[in-house]
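Below is one structure, written out as C-alpha cells, with a few remarks after it.
Please treat every number below as a calculation from the coordinates, not as lab data. Computed from a predicted model, the values in this text were never measured in an experiment. With ideal geometry, Cβ positions are generated from the backbone for all residues, glycine too; neighbour counts draw on all protein chains shown.
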Amino acid sequence: MARLESGAVHLRREWQSLEEIIGSALKARAPALSTHRMDVRLPPDLPLIECDATLIERVFVNLLENAANYTRPGGTIGIRARLDQTHLRIDVTDTGPGVPPGQEAAIFGKFVRANPAGAVPGLGLGLAICRTVIDAHGGRIWVENLPSGGADFVFTLPRGNPPLPEPESPAS
C-alpha cells in the first residue's frame with residue numbers, strides 16, 4: 001500500500017483481456033468461492049483494456065474475497081461489465097448484508113472495516129488498495145447497497161483505443 005501511494009509502483013499498462021484477468025482472479029479465489037454461486041456476465045464484444053493486469057487482478061481478488069466473506073454459503077456473487085463511449089464499468093455484487101448506511105465512502109479508507117467487531121478477518125486494507133489501484137488507472141470506485149440486499153462494488157476504467165488487429169498476410 002505504501003509503495004502504491006508513494007508512486008514507487010509504476011503501472012505496466014498493456015492491452016489486456018478482461019476475461020483473462022477475471023478468470024485468473026476467480027482461479028486465485030476458487031477455494032473461498034467454492035460454496036457460492038458465481039454469475040459472470042460479460043458482453044461478447046468486450047474490447048481489450050489498457051491496464052496493469054497484475055494490479056487489476058488484485059482489485060478483483062480483493063472484491064471477490066470480500067464478497068465471499070460477506071455472502072452466506074449458497075449465495076450468489078456476480079460480475080458484470082458494460083461499456084459506454086469513454087469507460088468500462090465493472091460491477092461485483094454479492095448477496096450479503098450490504099454496507100452500513102453512511103459507511104459507503106469510509107470503507108475505502110485504510111484500516112477501515114464495515115463491521116470492525118464482526119467475525120470476518122482482515123486488516124481493512126483491501127478496499128483501500130482497490131481505490132489506489134483504480135485511481136492510478138484514471139478510474140473511479142464506489143459501493144452501492146442493492147435494493148434486494150447485498151452490495152454492488154462498482155469501478156470504472158477508461159475505455160481507451162485498443163489497437164486494431166493486424167490484417168493477415170496472404171499466403172505465398
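Here is how the numbers come out for the structure above:
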| quantity | calculated |
| --- | --- |
| At R0 = 22 Å, FRET efficiency that the Cβ-Cβ distance of Ser24 and Leu83 yields, to 0.05 | 0.55 |
| R0 of 30 Å, Cβ-Cβ distance Leu48-Asp135: FRET efficiency to nearest 0.05 | 0.90 |
| Gained length - Glu168 relative to Asn145, 0.36 nm times residue gap less alpha-carbon distance | 3.5 nm |
| Among beta bridges that DSSP assigns inside the stretch 8-80, antiparallel share in %, nearest 5 | 40 percent |
| Relative packing of 71-77, 142-148, which averages over residues the other C-beta atoms within 10 Å, highest first | 71-77, 142-148 |
| Peptides ranked, highest mean first, by Cβ atoms within 10 Å: ranges 152-159, 33-40 | 152-159, 33-40 |
